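Structure first, then comments.
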Amino acid sequence: MNTRIIFTIIVISLGSIAAILPKTKTSSTQLTADELLMEMKLQTYVVSTDELADLLISNDPAIMLIDVRDSVAYQQYHLPGAINIPLKDLLHPDWIPYVDQISKKNIFYSNGTTLSNEAWIVTKQLGFRNNYVLGGGLNEWFSSIISPERPASTDPNEIWALYETRKAASMYFSGSKPAAREDNSTILPPIPRKKKTRVQGGCS
Amino acid sequence: MKHIYIISLGGLILLMSMFFIVATIQANNKYRFKKSAAEMLDEVSTRHHFINTAELNEMMKASEYVLIDIRTPGDFVGFHIEGAVNIPFERLLDEANESLFSNSSPKILYGKNSILANSAWMVLTQYGYENISVLNGGLSSWQEPQNQEKKPILDEQAAYDYAAIMKGDQGI
């Protein structure tokens, strides 16, 4: 008799815990502010200009470059294949399928890293995945890839190897223009992330 | 008699588990965002939080301000703006700093440049703290007085005429 009562009480208390817990459970994609701080410190979302050059040269179909500057700056110059989503329009319903998707690796860029970083933080807060930032932005792209600085003759071989790779990339991007890529760039909207929908129907 | 004892014991367990639940909810809530992403985007777009060195000098004439250096302690010891306190970036949300940020006096963040300081500003603003500014260009603009009057984000200044370079006008 006693054991049965104890058992009942334990079941009821565990049951009441279980009944309350799901309400407070945070979604796995939703970060808290201190997790966000840690991720920023580790800089795991930053793509270097060398990595981007590799991706563009290998014509990687899984990357999507997103220019977050205004449309005037975009029209003057933008990276090959990039689309333009000005920072202030980032959460416009038309653009949500582009920034909240699972099929591509989005790389935000601006002249520096401030605007692209802001775009990343805003999308991260919403739990969007697959978004990255071009470290140093266009300024870094031009100083490291388009016109790389010639190292001193006394520099170690690795630095020269890097320079030669960059010089080759520079010729690729400024010499023979990758026209094919521009022509084929019918940019399809990416596959939107599946949203959990509530069960419809019933006798409400 | 024994039943009453067991029931009260059970009630106690129930009560304790309730306290536990409430405690975990509050712990989870601590770092919940207080501003939505859309609000953050609006706030960022106004750019009211970027100040230049001239404005910083003006603010430092007042008696109440907190100047926060977000670089590593090593960098801070090497050189820092006089009157600054050092809170490394990853420690900004430490409990010890809570009173500092919830204080109503103006707070200015700076780093080596303004990129990380701006990230710090966004996190602190998302967390609900107010009256925080970012030194445009960070320590590098403090050390280069010619940048004093510039208001646009220094990091976002185009260093090249991209279009001209790509056309080959500048012979690179």
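The values are calculated or read from the model by the stated rules, or taken from the named source; none is laboratory data. Everything numeric here is computed off the predicted structure, so don't read it as measured data. Note that each Cβ is placed from the backbone with ideal geometry, even for glycine, and that neighbours are counted across all protein chains shown.
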If you take just the helices (runs of 4 or more DSSP H) that sit entirely in region B:53-172, which of them hold at least 2 residues that are hydroxyl-bearing (Ser, Thr, Tyr)? B:98-102, B:115-126, B:138-143
If B:Tyr110 passes every condition in (1) under 20 Å from B:Glu156 (Cα atoms); (2) over 12 Å from the mean Cα position of the chain (by Cα) but one, which one does it miss? (2)
Would you check which residues across region A:114-138 are at the interface with another protein chain (Cβ under 7 Å from one of its Cβ atoms) and in contact with a Phe, Trp or Tyr (Cβ under 7 Å, 6 or more places away or on another chain) and list them? A:Gln125, A:Leu138
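Every residue, every condition in (1) in contact (Cβ under 8 Å) with a residue 60 or more places away in the chain; (2) among the basic types (Lys, Arg); (3) facing chain A (nearest Cβ under 9 Å), yes or no:
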position	(1), (2), (3)
B:Ser36	no, no, yes
B:Ser45	no, no, yes
B:Ile70	no, no, no
B:Leu93	yes, no, yes
B:Ser104	no, no, no
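Among the residues of region A:139-167, which ones are within 14 Å of chain B (Cβ to nearest Cβ) and either of a type in the set (S, T, N, Q) or more than 23 Å from A:Leu42 (Cα to Cα) (or both)? Steps first, answer last, please.
Restricting attention to region A:139-167, the residues satisfying the condition of being within 14 Å of chain B (Cβ to nearest Cβ) are A:139-150, A:166-167.
Matches in region A:139-167: A:Asn139, A:Phe142, A:Ser143, A:Ser144, A:Ile145, A:Ile146, A:Ser147, A:Pro148, A:Glu149, A:Arg150, A:Arg166, A:Lys167.
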Looking at region B:31-46, which of its residues are surrounded by 14 or more Cβ atoms within 10 Å (Cβ to Cβ) and not in a helix (DSSP H, G or I)? B:Tyr31, B:Phe33, B:Lys35, B:Ser36
Total residues in region A:56-105, condition without any contact (Cβ under 8 Å) to a residue 40 or more places away in the chain, within 30 Å of A:Thr165 (Cβ to Cβ) and part of a helix (DSSP H, G or I): 3
Subset of region A:106-139, residues in a helix (DSSP H, G or I), surrounded by fewer than 22 Cβ atoms within 10 Å (Cβ to Cβ) and touching a residue at least 60 places away in the same chain (Cβ under 8 Å), comes to A:Lys124
Conditions (1) in contact with a helix residue (DSSP H, G or I) (Cβ under 9 Å, 6 or more places away or on another chain); (2) surrounded by 13 or more Cβ atoms within 10 Å (Cβ to Cβ); (3) away from every other protein chain (no Cβ under 12 Å); (4) modelled with pLDDT of 90 or more -> B:Ala120 fails only (3)
Residue match in region A:92-100 (condition: out of contact with any Cys (no Cβ under 8 Å at 6 or more places or on another chain), within 12 Å of chain B (Cβ to nearest Cβ) and loosely packed, with under 14 Cβ neighbours inside 10 Å): yes
